[in-house]
Amino acid sequence: DTGVSQDPRHKITKRGQNVTFRCDPISEHNRLYWYRQTLGQGPEFLTYFQNEAQLEKSRLLSDRFSAERPKGSFSTLEIQRTEQGDSAMYLCASSSEAGAEAFFGQGTRLTVV
Amino acid sequence: EDQVTQSPEALRLQEGESSSLNCSYTVSGLRGLFWYRQDPGKGPEFLFTLYSAGEEKEKERLKATLTKKESFLHITAPKPEDSATYLCAAASGGSYIPTFGRGTSLIVHP
């Protein structure tokens, strides 16, 4: 399978805990995006990488959110001190180049209790 | 700021009843208009990319068209398995970051 892979698929955590999600993009895709989606809404852009460079991070929801893409391969999204409002689907997507279609993974469903 | 608006929010059709979904966009220098299908609990599935006004793409019962201000997704003789949320996204010049609309929830009754 050469699609975008996200892990875990589901995560339940207690408020105040830190969580980390992983995304493996389609191989050789140099662009990687993170989005958040809540019920009834479209995906909301968070951040993106061009290879290993994080080129836009001003839309991360707060300083509790951070993302990395070491060596331009897989990426991680970390949320520190989770809050109930962080409960959502976190989606990762990759594309071969700027302006090309992005292919999404199945998402990580986060529930903060 | 880039904006994408989809209408209607929800659409119920009878099997075989053709219709269209609308996507209006306001972006500075369109670099790509994308359509996706999303099933409940899953990630969006790519359908089409359109790059310039007048362009059309087709796939089975779906046809996407593009003008300078909006895009349409035409569904011909839909089947119950076409029930899903259809998302539209536009990427603008500069960052090329796709901005999504809220989607149209389509239900096709047998």
With no solvent and one point per C-alpha, what does the Debye sum give as log10 I(q)/I(0) for region A:1-48 at q = 0.18, 0.26 Å⁻¹?
-0.76, -1.19
Could you work out, residue by residue across A:42-54, how many beta carbons of other chains sit within 10 Å of that residue's beta carbon, and then give the average as an integer?
3
Return the tail of the calculated pair distribution for region A:62-113, meaning the percent of Cα-Cα pairs more than 13 Å apart.
68
In order over region A:17-29: 3J(HN,Hα) from phi, Karplus 6.51/-1.76/1.60, θ = phi - 60°, whole Hz, x for each Gly or Pro, gives 7, 9, 9, 9, 10, 10, 9, 10, x, 5, 4, 6, 6
Partner shielding of B:41-48, as the mean number of partner chain Cβ atoms within 10 Å, equals 6
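Taking every pair of distinct Cα atoms and averaging 1/r, then inverting, what Kirkwood hydrodynamic radius in Å comes out for region A:5-93?
Numbers: mean 1/r = 0.0753 Å⁻¹.
Answer for region A:5-93: a Kirkwood hydrodynamic radius of 13.3 Å.
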Quick one: Debye curve from the C-alpha atoms of chain B, no solvent, what's log10 I(q)/I(0) at q = 0.09, 0.23 Å⁻¹?
-0.21, -1.27
Centroid-to-centroid separation of region B:30-87 and region A:38-93 [C-alpha atoms, Å]:
26
Go through region A:55-67 residue by residue and turn each phi into a ³J(HN,Hα) via Karplus (6.51, -1.76, 1.60, θ = phi - 60°); whole Hz please, and just put x for glycine and proline.
8, 8, 9, 5, 8, 4, 5, 6, 6, 7, 9, 8, 9
Karplus 3J(HN,Hα) series, Hz, for region A:102-110 with 6.51 cos²θ - 1.76 cosθ + 1.60 (x for Gly, Pro)
9, 10, 9, x, 7, x, 10, 8, 9
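Read-outs throughout are calculated quantities, based only on the coordinates presented, and are distinct from any laboratory measurement. What you see is a predicted model; the values in this text were computed from it and never measured. Reconstructed Cβ throughout: ideal geometry from the backbone, glycine too, with neighbour counts over all protein chains shown.
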